[in-house]
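First the structure, in the form of structure tokens, and then the observations on it.
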Amino acid sequence: MAKYQYYFFDLDGTLVNTEEGITNSVKYVLEKYHIKEYDMETLRKFIGPPLGESFQKYFGFSAEETGELIGCYREYYSAGGMYEAKVYGGIDRLLERLKEDGKVLAVATSKPEHFARKILERFGLADYFTCIAGASMDGSRSSKEDVIAYALAQCEVTERARVVMIGDREHDIYGAGKQGLDSVGVLFGFGSRKELEAAGADYIVNTPDEIMNI
């Protein structure tokens, strides 16, 4: 990992376990739409990918309906759901070691940047990052590929071979690949080894400490 100068991190399932807040927010939406048939495994699939895609994929909503659904989701999330989360053990230590080594750290998340910044500030992680890049509230920047491109621009990266993307879902790995970046898949989040291998992760780790030990 010494060859990398820039470390881009996903947020949900990589830095912070946000399962409770996200699943409760989705439940809030489903209750508003009188949908009672769902299971926790399906709700967990909302962690990571863009919300609009997940509502269409798992509950059959149309693309035209997603704007209203996301607005409903944000009612619960902005009222406090975003803070129903906890930092993964070992993340503080990892970020501190990377900063001590002179690395540049950034967040690249499909979560709206406004929410991402608030979460990182609440849990004392924001100061580790040179750049916090997230999706735009209007949906014009939502895919992981676009968010990573935004982070690259914000960090003024000139050598992509010096950048590695770290995340727990296939969207992180595919997004990195489309931007010409190497990637690390983490198994302490919400993706599986099978998913990360199929997406083409360059490395797969079980714990934050393993990122430093590769």
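The values are calculated or read from the model by the stated rules, or taken from the named source; none is laboratory data. Everything numeric in this text was worked out from a predicted model, so none of it was measured. Please note: Cβ atoms are built from the backbone with ideal geometry, for glycine as well, and neighbour counts cover all protein chains shown. All accessible areas refer to the heavy atoms of the entire protein, side chains included, with ligands and DNA or RNA removed. Shrake-Rupley method; radii C 1.70, N 1.55, O 1.52, S 1.80 Å.
What to note about this one:
- Residues in the stretch 23-42 include at least one that is at pLDDT below 95, hydrophobic (A, V, I, L, M, F, W, C) and not in a loop (DSSP other than H, G, I, E, B).
- Residue pairs meeting the criteria (Cβ under 7 Å; at least 6 apart or on separate chains; first more than 14 Å from Ser110 (Cβ to Cβ) and at pLDDT below 95, in the stretch 1-16; second in a loop (DSSP other than H, G, I, E, B) and open to solvent by 10 Å² or more (accessible area, probe 1.4 Å)): Met1/Ile214
- Which listed residue is in a strand (DSSP E or B) and surrounded by fewer than 23 Cβ atoms within 10 Å (Cβ to Cβ), from Ile211, Ile204: Ile204
- Scanning the stretch 55-97 for residues that are of a type in the set (A, V, I, L, M) and in a helix (DSSP H, G or I) turns up Ala63, Leu69, Ile70, Met82, Ile91, Leu94, Leu95.
- Within the stretch 92-108, the set of residues being open to solvent by less than 20 Å² (accessible area, probe 1.4 Å) and out of contact with any strand residue (DSSP E or B) (no Cβ under 8 Å at 6 or more places or on another chain) comprises just one member, Leu94.
- Residue in the stretch 58-76 that is surrounded by fewer than 18 Cβ atoms within 10 Å (Cβ to Cβ) and touching a strand residue (DSSP E or B) at 6+ places or on another chain (Cβ under 8 Å) present: no
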